[in-house]
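What follows is a short report on a single structure.
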Amino acid sequence: MDRVINYQKRLLALIDELKLGDTKPRLLLHVCCGPCFTVPFRILKDYFDITIMYYNPNIYPTLEYDKRIGELKKYLDLIHMSDKLTFIEDKEDHDVFMEDLRPYADEKEGHNRCRLCITKRLEHAFKYAKENNFDYVGTVMTISRYKNAQDINHIGEQLSQKYDIKYLFSDFKKNNGYEDSLIITKNCNLYCQKFCGCEYSLRDYEERNPDDKQY
């Protein structure tokens, strides 16, 4: 059985180190939606020079994509950070992105298809970070209780070695992070999605909830 690593403990240890310094490392933070951004940003904002990267061509349909990026921008407005953080939206055609995920269409969520999707999105961030002299790459996705933080951090570690850029280990759902994100989402009246993002996760959600069609 693989050893379970407390990645949030690693993050907090790094933050303790950064508190002793007088500079903020440049962090390219991959963000998938507004609700998932809330708590990670609260934890990281005082210790990193954060640039947001919204690269999520997996999200389907276009209306859902627009909702999610719109709610992220709405939240940035609400916390008065829209003009203080650099925001990068990198687009890619959904069908092109999904091409090598389609052989895994019938897999349950959380397996090879999802790991490949996460790898593709994080690798895009690492490539950008390498070209633009960032110190760290991280993602807010570990806040989701539906995603495997061990998998995400393992992928990040592999890409860190490939691109020679530090990966920001995390498990933002720890210490009530997920629950706190729900409270912030409710208080800010943010749209909170019911499926991960791609058409297969939408299909699986609607099969489990036939009376709650999303599209």
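Taken together, the values in this text are just the output of simple stated rules run on the coordinates, not laboratory data. Worth saying up front: this structure is predicted, and the values here are computed from it rather than measured. All Cβ positions, glycine included, derive from the backbone under ideal geometry; neighbour counts span all protein chains shown.
Structure notes:
- Too-long pairs where the Cα-Cα distance tops 29 Å, listed order kept, from 84/186; 19/174; 45/67; 19/186; 120/174: 19/186
- Using C-alpha pairs below 8 Å separated by at least 6 residues, the relative contact order for the chain is 28 percent.
- Taking all Cα pairs closer than 8 Å and separated by 6 or more residues, the relative contact order of the stretch 90-215 comes to 19 percent.
- Straight-line reach from residue 127: taking Cα to Cα under 22 Å and skipping same-chain neighbours fewer than 8 places apart, the lysines in range are 24, 91, 162, 166.
- Stretching the chain fully between residue 191 and residue 79 yields a gain of 38.7 nm (0.36 nm per residue, less the alpha carbon separation).
- Computed lengthening from residue 90 to residue 150, 0.36 nm per intervening residue step minus Cα-Cα distance: 19.0 nm
- Each peptide in 123-131, 96-104 gets a packing score, the mean of other Cβ atoms within 10 Å over its residues, and the list from highest to lowest is 123-131, 96-104.
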